[in-house]
1. With (1) out of contact with any strand residue (DSSP E or B) (no Cβ under 7 Å at 6 or more places or on another chain); (2) of a type in the set (K, R); (3) within 14 Å of R179 (Cα to Cα) as the list, and K223 as the residue in question, which single condition is left unmet?
2. Being modelled with pLDDT of 95 or more, in contact with a Phe, Trp or Tyr (Cβ under 9 Å, 6 or more places away or on another chain) and basic (K, R), is that true of even one residue in region 234-251?
3. Considering only residues of region 61-79 that are of a type in the set (S, T, Y) and surrounded by 22 or more Cβ atoms within 10 Å (Cβ to Cβ), which is farthest from the chain's Cα centre (by Cα)?
4. For the subset of region 89-110 comprising residues that are of a type in the set (V, I, T) and either part of a helix (DSSP H, G or I) or at pLDDT below 90 (or both), which member is surrounded by the most Cβ atoms within 10 Å (Cβ to Cβ)?
5. Wholly within region 277-359, which helices (runs of 4 or more DSSP H) include no fewer than the required count, namely at least 1 residues that are under 17 Å from R393 (Cα atoms), of a type outside the set (V, I, T) and open to solvent by less than 30 Å² (accessible area, probe 1.4 Å)?
6. Could you check, for region 299-316, whether at least one of its residues is more than 31 Å from the chain's Cα centre (by Cα) and within 20 Å of L415 (Cα to Cα)?
7. Could you give every pair whose Cβ atoms fall below 7 Å, whose first residue belongs to region 250-273 and is more than 17 Å from I181 (Cβ to Cβ), and whose second residue is open to solvent by less than 20 Å² (accessible area, probe 1.4 Å) and of a type in the set (S, T, Y), counting only separations of at least 6 or pairs across chains?
8. Would you mind finding the one in M165, M119 that is under 24 Å from the mean Cα position of the chain (by Cα), of a type outside the set (V, I, T) and under 30 Å from T72 (Cβ atoms)?
Amino acid sequence: MKAEIIAVGTEILLGDIVNTDAQVISLGLNELGIDVYYQTAVGDNPERLKEVLEIARKRSDLIITTGGLGPTLDDLTRETIAEAFGKQLVLHKRSLRRITAFFDQIGREMTQNNVKQAMLPAGCKVLDNEWGTAPGCAFEADGVHVLMLPGPPRECTPLFHTAGMAYLAKLAGGVIVSRNIRIFGIGESTMEDKLHDLMEKSTNPTLAPYAKDGECLVRVTAKAENAEEAERLLQPAVKQVCDILGDVVYGVDVESLEHAVAKLLTAKGLALSVAESCTGGLLSKRITDVSGASQFYRGGACTYCNEIKMKVLGVKKETLDEFTAVSSQTAREMAEGIAKAYGTDLGIGITGYAGPDGGEDGTPAGTVYIGIYYQGKTNVRCILSPRGRERARWDAVNNALDMILRAVEGRKQLLSVERGKVV
């Protein structure tokens, strides 16, 4: 099937919001083996939407729209689509009861314009919206399948993942299943070079490399008649990629470095504490963004001045005087100090110059030292990330998370880079 996604909403064209619905839907269609050929965005204008629909119905077998199902005057998606496909709008009583019950539940009066949300194309498949008032719907006309979804991501995403994908699964020819191999420690070009020969000869499954926020990803995708057959195709391909890339692979089908850390430390029953200077709590934030972080994360300290580094973490004054606050020695003592103060198995210490300025001694902006204490030993990694303050902080946290994984898993730590030289 050839699919087209049409996002309806002037706010998308104005740049007020990002069209995240299209990404969610594209990923879901990929899982179902449905190819997305086109994505279109159009404002809340019935005439322009009609033009877009006329083009779409000539070139696509499946049209999915998002947005324009609300109660206001400019929400005209259902009316325009019904007219374009010769469908009469009729009152769907179950949907009206659901909308009425919603307003009763929140203690607000339902205005008459909300009734229009229950007006749906005759004979359509209604997709009950548990996350908002506007139901979705699907129908087929003249060989074209049409699926209408609400625009707000908090409604569109769950409705599509449940009712929408269930409806489309019946239309899909075969399935596409992907496995995501997460990589940290090499760049995209190096990764592609290592996998080049395998990528050239792979047809099913296929390999696709991506760069993502300081790390890399290889997506291995197989197409088959059913999920079981696709998994059978995937297993040897995933193993090949992991064998080629070696210990820069930190997980398969894990969401992020912090999720991998959370899973590992929880399984091992290990406790973690962190001391942050230049990252300002970003490591703590990313760790605690993971549900269940309290099982392994004991807390953190943001120590931006030397006095606090000494009082809270036990960093020696002599260390700060001789080597400065931004040094491998200070990062080492920060990691050891936070582990001792919080009584944890692991301690992380981060200190550096995030930018825009570097050190008075000529240390360049973007130089960060990360120390890790574990099992009585302390290692320090130095990174140089000269691409701006936020990127330096993000890269520092990525490296800290990678160091945790490598320490606990027994993998060799990556080399440091100090002032542009590997040390």
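1. (1) is the only condition that K223 fails.
2. Scanning region 234-251, I find no residue that is modelled with pLDDT of 95 or more, in contact with a Phe, Trp or Tyr (Cβ under 9 Å, 6 or more places away or on another chain) and basic (K, R), so the answer is no.
3. My answer is T77.
4. I99
5. 282-288, 328-342
6. Within region 299-316, none of the residues are more than 31 Å from the chain's Cα centre (by Cα) and within 20 Å of L415 (Cα to Cα).
7. A271/T344; L272/T344; S273/T344
8. When all the criteria are applied, what remains is M165.
The values are calculated or read from the model by the stated rules, or taken from the named source; none is laboratory data. This is a predicted model, so every value here is computed, not measured. Heads up, the Cβs are rebuilt from the backbone with ideal geometry, glycines too, and the neighbour counts pull from every protein chain shown. Heavy atoms of the whole protein, side chains included, go into the accessibility calculation; ligands, DNA and RNA do not. Shrake-Rupley method; radii C 1.70, N 1.55, O 1.52, S 1.80 Å.
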